[in-house]
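Have a look at the structure below, then the notes.
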Ligand code: UDP
């Protein structure tokens, strides 16, 4: 069974129906799913996105805000989400520690990999915020990076869809879900699992990526126990 896992939640997933902001009921649901993992002896790290608040590319679209500044705004958004997730985890009775890639000592710890590993060993959930700390990256890349750094067995990308399709299922009726695919397949243009930087890093480190629907109750624990029927695996 998987001993240590990193789960990536997109910012968008936290927004719920509103499409913006943070839905506390969703936070509560996520915390419950994570608690199931911890109660089963799994060490859990979380990377959270910021797309429910702001994305660098969008903020910089008309040229008034520079891309690098837009990206820092996006990284700050992930810290807002990280604080919220930390609260929800504690509300669910878990111990949680927020670590930020950008120093913000009043809000969370600095990201220190050895400290993160120690928290995990003690059964604390570590929420990694601030992305990689660098502009021009995504939180998917941050997830792959942190998963590799903490020597996670698996990276779970928790999304709104139940896996990876050979083409966009919203556009094509005959789109087929792929149960497993190689890193090279995941890099193909028609398949958008994650951005190329994150896939390349996962490939280099032999980190399996599981794409699943986060709203399917109990799915995270099923995946940890080896039941991959409701997801797609990139390996
Ligand atoms: N971002 C960044 N560097 C990183 C991670 C994130 O600059 O290492 C910025 C980038 O502008 C991105 C925003 O933070 O658009 C929010 O992250 P992302 O879009 O990955 O969030 P998600 O789509 O998962 O909600």
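None of the figures in this text is laboratory data; all of them are computed from the coordinates on show. Small disclaimer: the values here were computed from a predicted structure and weren't measured. All Cβ positions, glycine included, derive from the backbone under ideal geometry; neighbour counts span all protein chains shown.
A compact table of results
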item	result
R0 of 30 Å, Cβ-Cβ distance residue 160-residue 39: FRET efficiency to nearest 0.05	0.75
Residues listed by number, the range 123-164, amide nitrogen under 15 Å from residue 110 label point at 7 Å toward C-beta	133
Which of 138, 159, 58 has the fewest Cβ neighbours within 10 Å, and the rest in rising order	58, 159, 138
Whole-number percent relative contact order across the chain, with pairs defined as alpha carbons under 8 Å at least 6 apart	22 percent
Euclidean distance of C-alpha centroids, the range 123-145 and the range 195-235, integer Å	16 Å
FRET E, pair residue 153, residue 176, Förster distance 35 Å, beta-carbon r, rounded to 0.05	0.80
Among beta bridges that DSSP assigns inside the range 71-205, antiparallel share in %, nearest 5	20 percent
Cα-projected label distance for residue 69 with residue 184, points at 7 Å along beta-carbon direction, nm	4.4 nm
As computed over the range 1-94, the Cα convex hull volume per residue (Å³)	91 Å³
15 Å cut-off, amide nitrogen to a point 7 angstrom out along residue 167 Cα→Cβ, residues in the range 186-230	189-192
Within a Gaussian network of the chain (alpha carbon springs, distance under 10 Å), most fluctuating of 184, 168, 62	62
Two-decimal log10 I(q)/I(0) for the chain, as the Debye equation yields it once each C-alpha is a single scatterer, q = 0.15 Å⁻¹	-0.99
The range 111-193: translational diffusion in µm²/s, Stokes-Einstein, Kirkwood Rh over Cα pairs, 37 °C, 0.692 mPa s	218 µm²/s
Among beta bridges that DSSP assigns inside the chain, antiparallel share in %, nearest 5	20 percent
